[in-house]
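Trainee: There's a structure below that I have some questions on.
Derivation of every value follows stated rules applied to the coordinates shown; laboratory data play no part. Remember, it's a predicted structure, so these values are computed and weren't measured experimentally. With ideal geometry, Cβ positions are generated from the backbone for all residues, glycine too; neighbour counts draw on all protein chains shown.
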Amino acid sequence: MLNWGSLLSGSLCSLSFAPFGIWPLALAAYAFLFHAIYSAKLIRQKLFRGLLFGLGKFSVGTVWLLDALISHAGSTRLTAVFVFLLLIVLLAVLFCLACGFALQLKSKIAASLLLAGTMCTHEILISFPIGFSFPLLHIGYAFVDTPISTYAPIGGVWLVGYVALFSATSICFAFYKSFAPILIAACLWLASLPLGIINWTREGTEIDVVLVQANTSTSEQMDNNEVQEIWNDHVQLTITDSSADLYVWPESSIPITVDALQSNLDEISTKLQGSLVIGTFEQERSGSVVKTYNVATVAGPELVNYRKQQLVPFGEYTPRLWLLTPLLERVDYPTAHVSSGSTSDGLLPTSHAIAKVTICYEIAYPLLVNKHIQNSDLVIALNADAWFGESIGPWQQLQIAQMRARETGRFLLRVSNVGPTAIVAPNGTVRTTLPTNTPDALNGRVHIRKGSTMFSKLGLLPIGSILLFSFLVPLAILNLTQRSTSSGQ
């Protein structure tokens, strides 16, 4: 019963994320999981139930990936299913390892600290862009519209997730007649309320922005004959308001190189009062080797480019994981030939603001977005969501963008070719958005922001200190228990 319940609770946990947003399900799902693994007598039972929970959570929560691989990435159905299952199993195995730390401690507070700390540590570790990473479906994202999101400017999405995980453990142990953890969890929720009135960043001048959503499909972007039409669509939506301070087009909005666009960009920049940021491509030749980069460009006489650093696994590159690469080569898995840009600060200077720019998948990396964020005025997130189809993928990406705005204390402009294109306020709320799959331009006014949140200044230090405390307390209690047992004998 507990085995199947773990699988079901993991599946239901996915409904706590966007677009469903039923965040109490996350608390209930993790509370059930903690009961299942805490009550298990053998370590293999804990791991197996954790594995089933991970399989349910990641298979349902990332089902959009399977649809994207089959319908939009050019994979055969068999190859897409193979890659999807491989990814889900890998993520579930990594998740289940954390479940082995459900120790039978006499102190339920210590047990709660250990469980929440281990789960949170797991999320941090799989977020580092080393080899293979998957920074999606962190539990903190489900709580971006709840009171505890006010912890994000202190410890990022991970501190929000830690509070949620501790709350779930407290619910679990309440059924064991231990109410001290739930009192602590209640205090954490209450403490989040006054945090909401803190202005971590200072409000600066107001600027007018225009975000262009041309509703360009994947097939159109891959057809060279459609390039001029795509350009015309973007221009037409842009020049309806030529007096704005900042114009933004989506990722790979014009599917040719920036050099080929030079004359067009010069022409349109003279018609606009403000700066134009567009997503396109850049090629660099070194001898016989030609590298292609996914870039964001500020149009003008002297183009300023930002090259995408964190590529999409299985989309823009194939992670070098043991037998994975030769297996995918044998099934002729289609991977785009895009190179990763060198390390940079990700800042693009425009006429009225310095923008911190992310392209597609990069928005999911808190530390990457935080890099040099104190030198920026706002965040721009360029996206190409057509390959998601009609799935839940773009809404998960928007929810992630909301958390980045919360963490950095800055307005975030999310621009997508098919939507959702949105303006996100510094407190993480979506101020305004465009209907998806509709060609339109989103006009709005935003304030540039100065200063830094605690998370922007200190990075992992706050959450790292909390996690260290979460591990040291249970270890100390275990040590004391062993000493008392030894002395009693």
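Trainee: Post the alpha-carbon centroid distance, the range 51-101 to the range 377-417, in whole angstrom.
Mentor: Between the Cα centres of the range 51-101 and the range 377-417 lies a distance of 22 Å.
Trainee: Among 67, 145, 259, rank each residue by its count of other Cβ atoms within 10 Å, from fewest to most, as a rough exposure measure. Let's see the in-between values first.
Mentor: Working: 67 19, 145 15, 259 11.
Ascending Cβ contact count within 10 Å gives the list 259, 145, 67.
Trainee: Same structure, new question: Once you treat every alpha carbon in the range 361-489 as an equal point and sum by Debye, what is log10 I(q)/I(0) at q = 0.14, 0.19, 0.23 Å⁻¹?
Mentor: The calculated log intensity ratios at q = 0.14, 0.19, 0.23 Å⁻¹ are -0.67, -1.02, -1.28.
Trainee: Cα axis of helix 180-195 to longest principal axis of the chain: angle in degrees, 0 to 90, nearest 10?
Mentor: So the inclination is approximately 30 degrees.
Trainee: Could you put 291, 106 in order, starting from the residue whose Cβ has the fewest other Cβ atoms within 10 Å? Could the numbers behind the result be given before it?
Mentor: Numbers: 291 15, 106 10.
With the fewest neighbours first, 291, 106 line up as 106, 291.
Trainee: Separate question: Neighbour counts of other C-beta atoms within 10 Å: give me 293, 176, 247 arranged from fewest to most.
Mentor: On the way: 293 22, 176 13, 247 29.
Lowest count first: 176, 293, 247.
Trainee: Please give the net charge around residue 177, taking every other residue with its beta carbon less than 15 angstrom from that of residue 177, where Lys and Arg add +1 and Asp and Glu add -1. Intermediate results must be reported in sequence, preceding the final value.
Mentor: Numbers: positive: 106, 108; negative: none.
So the environment of residue 177 carries a net charge of +2.
Trainee: Around residue 261, with a cut-off of 13 angstrom between Cβ atoms, what is the net charge of the other residues, counting Lys and Arg +1 and Asp and Glu -1?
Mentor: Numbers: positive: none; negative: 259, 266, 267, 282.
Overall, the nearby charge balance is -4.
Trainee: So what is the orientation-averaged projected area of the range 202-457, using the convex hull of its C-alpha atoms, in nm²?
Mentor: Details: hull surface 57.6 nm².
Its Cα hull, projected and averaged over all orientations, spans 14.4 nm².
Trainee: Right, something else. Shape of the range 68-180 from its Cα gyration tensor (a ≥ b ≥ c, root eigenvalues): rounded if a/c is under 1.5, otherwise prolate when a/b > b/c, or oblate? Write down the numbers at each step before the final one.
Mentor: Details: a/c = 2.53, a/b = 1.81, b/c = 1.39.
Note, shape of the range 68-180 comes out prolate.
Trainee: Quickly work out the residue 263-to-residue 438 label distance, labels modelled 7 Å from Cα along the C-beta direction, and quote it in nm with one decimal.
Mentor: 3.7 nm
Trainee: In nm, what is the difference between 0.36 nm times the number of residues separating residue 44 and residue 236 and their Cα-Cα distance?
Mentor: The span from residue 44 to residue 236 would gain 63.0 nm if fully extended.
Trainee: Let me ask something else. Which shape class, rounded, prolate or oblate, goes with the range 109-267 when its Cα gyration tensor gives a ≥ b ≥ c as root eigenvalues, a/c under 1.5 marks rounded, and past that a/b bigger than b/c marks prolate? List each step's numbers first, then the result.
Mentor: Working: a/c = 3.70, a/b = 2.23, b/c = 1.66.
Prolate, because a/c is 1.5 or more and a/b exceeds b/c.
Trainee: At what distance in nm do the modelled label points of residue 289 and residue 351 sit from each other, each positioned 7 Å from its Cα along Cα→Cβ?
Mentor: Each label point is offset 7 Å from its Cα along the Cβ direction, giving 4.0 nm.
Trainee: Two-decimal Rg/Rh of the chain from alpha-carbon positions, Kirkwood Rh? Mind showing how you got there, number by number?
Mentor: Working: Rg = 23.6 Å, Rh = 23.6 Å.
Using Cα coordinates only, the ratio equals 1.00.
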